[in-house]
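For reference, the structure is listed below as structure tokens.
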Amino acid sequence: MRSRTPTGLLALRTVLIADDEPSMRLLVHATIESDDYTVIEAVDGAEAWAMIQQHKPSLVLLDVQMPGQTGLDVLRLVKADPDLIGTRVILLTSKAQESDVEKGLIAGADFYLTKPFSPLDLLTRVDEALQI
Amino acid sequence: MAVNGRQRGMADPPRRHGWSLRSYIALFMAVLLGVAGLAAFSVRLMSEQDARQAAIADANFAARAASTQIANDLVLLQETTAKLAANPQIAAVLAAPAGACSLSFSPAGHLDVINRDGTVKCSSQARPSGPVYEAVAWLPAALLGPVTAGPFLDPVSGNVSAVVASPVAGGLGTVVAIIFMAPLGAGLASALGGARHLEFLVTTQDGEAVLTRSSNPDRWVGAPLTGTSFGSTSGPVRRTDLDGTNRLYGWSMVDATGWTVFAGADEASALSSAYLSANRFLVIILAGVAAMSLVVVVVYRRVAEPVRRLSLVMRGSAPGSALGIVGTGAREVTDLAEDFDHLMATVKRELAERLNSEQEAVVSERNYRTLFEGHPQPMWLYDMETLAFLEVNDAAVQRYGYSRDEFLAMKITEIRPEQDVPKLLEVIGQPLPAFDKTGPWRHRLKDGNSVQVLITSHAVTFGDHVARFVLAEDLTESERLELELHQSQARAESAAELSRAKDEMVSMVSHEMRTPLASIVGFTELLVTREVTAVQRKEYLGVMLQEGHRLTALINDFLDLRRIEGGHLTMRFAPADISALLKRALDLFSDPAHAPIETNFEADLPLVRADGDSIFRVIANLVSNARKYSPGGGAIVVGAKVNDGMVEVSVRDEGLGIPLESLNHLFHKFYRVDTADRRTIKGTGLGLAISKNIVEAHGGKISAFSKGLGKGSTFVFTIPTVRDQAHTGDVLVVEDDSGFARLLEAELAARGLSSVWAADAETAEHLMTTNGARAVVLDLLLPGLSGEAFLQRLRKRHGPGVPVVIVTLKDIDAAASLVLQKAGVTAVLRKGPGMAEAAANLIVKSLVPELVAT
């Protein structure tokens, strides 16, 4: 179904999923799981930031509404860190309000998806983000 | 008035209890002077007596000494004369016809050698010629032997004398010593008289004449004592001497001559020294008395006088401060005065304050009464318990047409049209806000017309009544329209408010719903679009199912909450047995995997006024939370007790606890405590919000307590008890379906029968015991205790007299039917359309015999 073309130029990439809902992590994980990526998970903002610093993932799928540090907080940290200049961020939001989306884009998110989202859509976005 | 009375009291003369301090001091002084006088007198008397006795003792001693001396002198003279007489020269002189010789003799008197015819042959003085001693009485005896004699008048000197003679051997003559008596007294006085001024008086043996005196030695010597006090030795010690001086005498005899020697002490001089010492003593006493008087005066001035002044000040007779009036008193008194000033200042201040506040209270009461009475709009107060009027104002009397007395005999329901009464009772039956504005209501005037009014009311305490103050505003047509306009505006405003809140809600709910929805949609899409393994499919479908349930629960909770908040969920309040309710709720949690839930119910809990299903839900929510948030187990204790007119239900666990900052938010919608250890615990975040709404709709309160994370938590809610236990109905409706119960009540009410509803058999039992009922409509399918069991107990406790109609969905076989018939059931109806009406008719019929009988 999905055409994957390992270019050889690309090393095995790491994708971090940060969401406090286990079912969402499972869904995202199941959607993007492939030989191309190493998928790691974080259950809240603080853990997400710690793992970003440790693993320097190529892509972060960030839930906005997380207890403690929100996805937007983590996004701002990522964008403020020069070491993470190549890290892509896709926001997952359950808030329909445009203000959140705006805030996220201003903060430097590469894309956003509103829950509920189509897994295929997500996969497209992930591929896009990683091929830029 | 009280103040005036007090002032009158202060002007009253002080009551006399006993003597004044002045009198006591006067008495003290009198006694002191008396005792001092007595002491002075007795000292004087005693020293007088002492002086007298000493003088007498001196006199006696001196008299004895004097007589001894005289006797000794006579013996000495006897020896001297005897020695001379034995001298041969003396014999020679006597033998010679003439011749000169001389003798020496020192005492007053003379020593003579006398021959037989009384001629002095030899003398210590110039020798008289001739037989001068021829006639003396003692001569013959003196020629024969030693003689001591006297007194006699010495013919040579003419002095009263005594003679001591010793004969010269051969009868030639005698040697005589003539002693003049007169100087003897002076001699005795100088030798023995001492400083005592003793008088010595020597008298003859027969007491007839004075031989010698130490004072005025020349007078009285030789004179007879007849007529004086010295006639004899017998007689008083105190005698007047020959010169008229009072003396105290002692006396003694000279044995050789028989003379009596008197020694007399001058009484006046003896006493004068005694008086001197007595007077000294008197001076000391006087000085002492004077000192005491001084002390008394000082004490009086420093204590009694200030106390008297203080008393004057206290009585109000003297103006000014007590300390100023009292002046320089003893420290205790000035302290007392100061204390009194302080006390008076306080009393005056408080009196003034009280007077002020009383006046203010009177004035303000008058003002308020004027406000109330004179207010142009009808106002009244009614008792919340009895609904009776407590006070009405003039405007109400005028507007409604009832007199004040008629008003006060009525209840507020009586001024409403009958059809409005149930609505009124429902409104009043709910917990009213402290301040309330409602309307329009219809009120009935005495003349039968009715008016539309707007009611403004607030809760007040009137005497010991819990009352409500009501202002009734008449609505004219234009006002009514205005009101409606206002209300519609208000509605519009509140609608805007509501819509804002709704928007917020929608956004929150959409967020809460999107998460499970995202899982369901996402996994569905994966399943539809991808080839998945059987294991994956099962996993995905499991998640979808779980999230689907979650979504369902969320929607249910949310809709419930909306219904409760919006007032759409009608609560059916009825008396309920809270412990039965609790036990039924806890049965849900009797899961063998968990430790049983402990209970701690107070005995004999009163019935509560509750919507059983809602309270059941609250209990279930709290207990389920307690178990959910105790992942490590631990005891869960559910308690119920009476506290301040409410039943207080508590659910305590030893679980994760609640951080302090979260306690305030717990009951907010969608709020969930966020700590790592509870991420995996599922919940909609609405349970407590629903519980809070339910409890508050009951007029109770719910709150949460926790000592912090890991220390467990306690949730407590209160629920009002059934206040009016005496409220009784004709028919007890035991039915867990509130809708059918309501239907039954309506049917019964239509037949003039009141009813009380019990949602379970336990409550029904409680009500039968406390209130009783004339008939029972009973469902058999009841939560907890079954209808059959209730019936058996009813018969056992209250006998067969109460008619029971059974209306139930339960299938009843022949055996069960027989049991019911035995229990004296009037009828068994199968629940369905029209059955409420049928049951009501049966009840009426079953009560007819009773009605006839009464």
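Take every pair of alpha-carbon atoms less than 8 Å apart whose residues are at least six positions apart; their mean separation over the length of chain A yields a relative contact order of 22 percent. Contact order, relative form, for segment B:365-421: 29 percent (alpha carbon pairs under 8 Å, 6 or more residues apart, mean separation divided by residue count). Per-residue shielding of B:522-531, expressed as the average number of other chain Cβ atoms within 10 Å of the residue Cβ, stands at 5. For residue B:789 and residue B:344, a Förster radius of 60 Å and the Cβ-Cβ distance give a FRET efficiency of 0.20, rounded to the nearest 0.05. Give me the accessible area buried between chains B and A, both sides summed, with a 1.4 Å probe, in Å² rounded to the nearest 100. So the buried area, both faces added, is about 2000 Å².
Straight-distance candidates among the aspartates and glutamates for linking to residue B:348, with alpha-carbon spacing under 19 Å and chain neighbours fewer than 8 residues away dropped: B:338, B:339, B:358, B:360. Straight Cα distances below 24 angstrom link residue B:538 to the lysines A:115, B:682, with same-chain residues fewer than 8 positions distant left out. Each peptide among B:632-645, B:738-751 gets the average number of other Cβ atoms lying within 10 Å of its residues, and from highest to lowest they stand as B:738-751, B:632-645. In segment A:60-90, the residues whose accessible area drops by at least 40 square angstrom when the other protein chains are added to the isolated chain are A:67; the probe is 1.4 Å and only protein heavy atoms count.
Solvent exposure of the protein assembly as shown, expressed per residue, is 52 Å² of accessible area, with all protein chains present and a 1.4 angstrom probe. As a ratio to 2.2 N^0.38 Å, the alpha-carbon radius of gyration for the protein assembly as shown is 2.34. Solvent-accessible area of the protein assembly as shown (1.4 angstrom probe, protein heavy atoms only): carbon and sulfur portion equals 57 percent.
Just the number, please: Stokes-Einstein D of chain B in µm²/s, Kirkwood Rh from C-alpha pairs, 4 °C, 1.567 mPa s. Write down the numbers at each step before the final one.
Details: Rh = 42.9 Å.
Diffusion coefficient, whole number: 30 µm²/s.
Centroid-to-centroid, using Cα positions, segment B:23-73 and segment B:273-343 are 39 Å apart. Under the criterion of Cα pairs below 8 Å and six or more residues apart, the relative contact order for chain B equals 6 percent.
A 18 angstrom limit on the alpha carbon distance is what I want to check against. Which of B:822/B:845; B:641/B:701; B:583/B:796; A:56/A:79; B:583/B:641; B:641/B:707 exceed it?
On the way: B:822/B:845 20 Å; B:641/B:701 15 Å; B:583/B:796 24 Å; A:56/A:79 13 Å; B:583/B:641 14 Å; B:641/B:707 22 Å.
Violating the 18 Å Cα-Cα cut-off are B:822/B:845; B:583/B:796; B:641/B:707.
Please report the antiparallel percentage of DSSP beta bridges with both residues in segment B:94-235, rounded to the nearest 5. In segment B:94-235, DSSP labels about 95 percent of beta bridges as antiparallel. Using a probe of 1.4 Å, the accessible surface attributed to residue B:346 totals some 40 Å² when neighbouring protein chains are kept in position.
Scanning residues 5 or more positions from residue B:721 or on other chains, those with amide H under 5 Å from its amide H are B:609, B:647, with H placed 1.01 Å from N in the peptide plane. Residue-wise HN-Hα couplings along segment B:826-841, as the Karplus relation 6.51 cos²θ - 1.76 cosθ + 1.60 with θ = phi - 60° gives them from phi, are 5, 7, 10, 10, 8, 4, x, x, x, 6, 5, 4, 4, 4, 5, 4 Hz; Gly and Pro carry x.
Taking amide hydrogens as placed 1.01 Å from N in the peptide plane, the amide H of residue B:209 sits under 5 Å from those of B:204, B:225, each at least 5 positions away in sequence or on another chain. For the residues of A:26-37, the average number of beta carbons from a partner chain within 10 Å of their own beta carbon is 3. Under 5 Å from the amide H of residue A:41 lie the amide H atoms of A:17, each residue being 5 or more positions distant or on a separate chain, with H modelled from the backbone and absent for Pro and chain starts. Phi angles across segment B:79-86 convert, under the Karplus curve 6.51 cos²θ - 1.76 cosθ + 1.60 with θ = phi - 60°, into 3J(HN,Hα) values of 5, 4, 5, 5, 5, 5, 5, 7 Hz, Gly and Pro given as x.
Here's the list of aspartates and glutamates a cross-link from residue B:411 could span, going by alpha-carbon distance under 12 Å and ignoring same-chain residues fewer than 8 apart: B:383, B:385, B:391.
Considering every residue in B:290-299, what mean count of other chain Cβ atoms within 10 Å of its Cβ is obtained? Spell out each step's value before the answer.
Values: counts 0, 0, 0, 0, 0, 0, 0, 0, 0, 0.
That average works out to 0.
A simple rule links phi to the HN-Hα coupling: the Karplus curve 6.51 cos²θ - 1.76 cosθ + 1.60 with θ = phi - 60°, which for segment B:68-73 gives 4, 4, 4, 4, 4, 4 Hz, with x for Gly and Pro.
For a paramagnetic label modelled at 7 Å from the Cα of residue B:449 toward its Cβ, which residues of segment B:361-392 fall within the zone defined by backbone nitrogen distances under 12 Å? Nothing falls inside the zone, counting backbone N under 12 Å. Protection proxy ranking of B:271-277, B:611-617, B:507-513, by the mean of other Cβ atoms within 10 Å over each peptide's residues and highest first, is B:611-617, B:507-513, B:271-277. Taking packing as the residue-averaged number of other Cβ atoms within 10 angstrom, the listed peptides B:70-82, B:23-35, B:692-704, B:453-465 run from highest to lowest as B:692-704, B:70-82, B:453-465, B:23-35.
Each DSSP beta bridge with both residues in the protein assembly as shown is either parallel or antiparallel, and the antiparallel ones are about 70%.
Summarised as an ellipsoid, chain A has semi-axes of 21, 17, 14 Å, derived from the eigenvalues of the Cα gyration tensor scaled by 5 and square-rooted, with the largest first. With the simple spin-label model, which puts each label point 7 Å out from Cα in the Cβ direction, the residue B:218 to residue B:291 separation comes to 5.7 nm.
The values are calculated or read from the model by the stated rules, or taken from the named source; none is laboratory data. As the structure is a computational prediction, the values presented were derived from the model and not from experiment. A quick note on method: Cβ atoms are made from the backbone with ideal geometry, for glycine too, and the neighbour counts reach across all protein chains shown. Side chains are part of the model used for accessible areas, which takes the heavy atoms of the whole protein and leaves out ligands, DNA and RNA. Shrake-Rupley method; radii C 1.70, N 1.55, O 1.52, S 1.80 Å.
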